[in-house]
Amino acid sequence: MFQSKIGLQKKKRKWYDHLKQQQIVRGSGFGMGKMFTGGKRQVPNLGRFIFLCIIMLYFIFSSNTYAYELFGGKYRNPNSLKYWIDSSVIQAGYEARAVYGSEAFDSSSLIGTTRTYDDSQANYKWWASTRDMGSVVADCINYNVNWLGQATACWDCTYDKSQLRIYLPGFQKLSWVQTRETTAHEIGHALGLDHEDDVRAIMLSKGFLNDEYPQNDDWNGINAIY
């Protein structure tokens, strides 16, 4: 019995030596092959390269997906918001821009706005000012209103109202697309989005995309808030 075991081991050794001499590659599947060359185990360099590329692409795209910035606050009833436009905006010829901006995010099932002609019922209130603010062509301030009716400006709170102001000296210099992009940008602030300069978004802190529609990153931010 002992003699036969030794004979079997010798046969196995002889077959293993034969495999080394023929440099046979065994194994299957991605990165699973093993090369027997001079008795050394090697992993193909192509498999390593592809694996590293996949890891790099994952980190690149995952970091861009969540680039949006948030204030930390939001509206309590985002699907039943109302907006009101002051006569100063209408007389300046920008009523349609205010309407577009107010409804820019309405394609989301989370957001819904309607126009009201009663300013006491409005969440968004649009105004126009002749004040020259330089490079600032519009702004937005959000407010929380307590049970006494007192309004406090805040960003990381529950919003009840937003004041949106167009500064005519700078706004009048913009193109048609840029004015629409600006009003949509300000409504982004009203809904809780902060500035974002790392990826393509209408929430840029300065400059323009020359595209009035909310981008993927803007939508991701809205979905994260609501």
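Quick notes on this structure:
- Some residue of the range 127-139 being touching a residue at least 60 places away in the same chain (Cβ under 8 Å), over 24 Å from the mean Cα position of the chain (by Cα) and over 15 Å from residue 192 (Cβ atoms): yes
- Residue in the range 109-120 that is farthest from the chain's Cα centre (by Cα), counting only those that are closer than 24 Å to residue 213 by Cβ and surrounded by fewer than 17 Cβ atoms within 10 Å (Cβ to Cβ): 115
Okay, residues lined up against (1) at pLDDT 95 or above; (2) out of contact with any Leu (no Cβ under 7 Å at 6 or more places or on another chain); (3) surrounded by fewer than 16 Cβ atoms within 10 Å (Cβ to Cβ); (4) within 24 Å of residue 117 (Cβ to Cβ):
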| position | (1), (2), (3), (4) |
| --- | --- |
| 128 | yes, no, no, yes |
| 134 | no, yes, yes, no |
| 137 | yes, no, no, no |
| 144 | yes, yes, no, no |
| 147 | no, yes, yes, no |
| 162 | yes, yes, no, yes |
| 165 | yes, yes, no, yes |
| 169 | yes, yes, yes, no |
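- Of all residue pairs spaced 6 or more apart or on separate chains, those with beta-carbon atoms under 9 Å, a first member in the range 173-189 that is aromatic (Phe, Trp, Tyr) and a second member that is not in a helix (DSSP H, G or I) are 176/212.
- Check on residue 106, assigned to a strand (DSSP E or B), within 26 Å of residue 205 (Cα to Cα) and open to solvent by less than 70 Å² (accessible area, probe 1.4 Å): no
- Beta carbons closer than 7 Å, at least 6 apart along the sequence or on distinct chains, pair a first residue in the range 91-106 that is over 19 Å from residue 170 (Cβ atoms) with a second that is modelled with pLDDT of 95 or more and assigned to a loop (DSSP other than H, G, I, E, B) for 104/214; 105/111; 105/191; 105/214; 106/112.
- Within the range 199-211, the set of residues being open to solvent by 10 Å² or more (accessible area, probe 1.4 Å) and either within 16 Å of residue 103 (Cα to Cα) or out of contact with any helix residue (DSSP H, G or I) (no Cβ under 8 Å at 6 or more places or on another chain) (or both) comprises 205, 206, 207, 211.
The values are calculated or read from the model by the stated rules, or taken from the named source; none is laboratory data. A quick note: this is a predicted structure, and the numbers were derived from the prediction, not measured. Cβ atoms come from the backbone with ideal geometry, glycine included; neighbour counts cover every protein chain shown. In case anyone asks, the SASA skips ligands and DNA or RNA and just uses the protein heavy atoms, side chains included. Shrake-Rupley method; radii C 1.70, N 1.55, O 1.52, S 1.80 Å.
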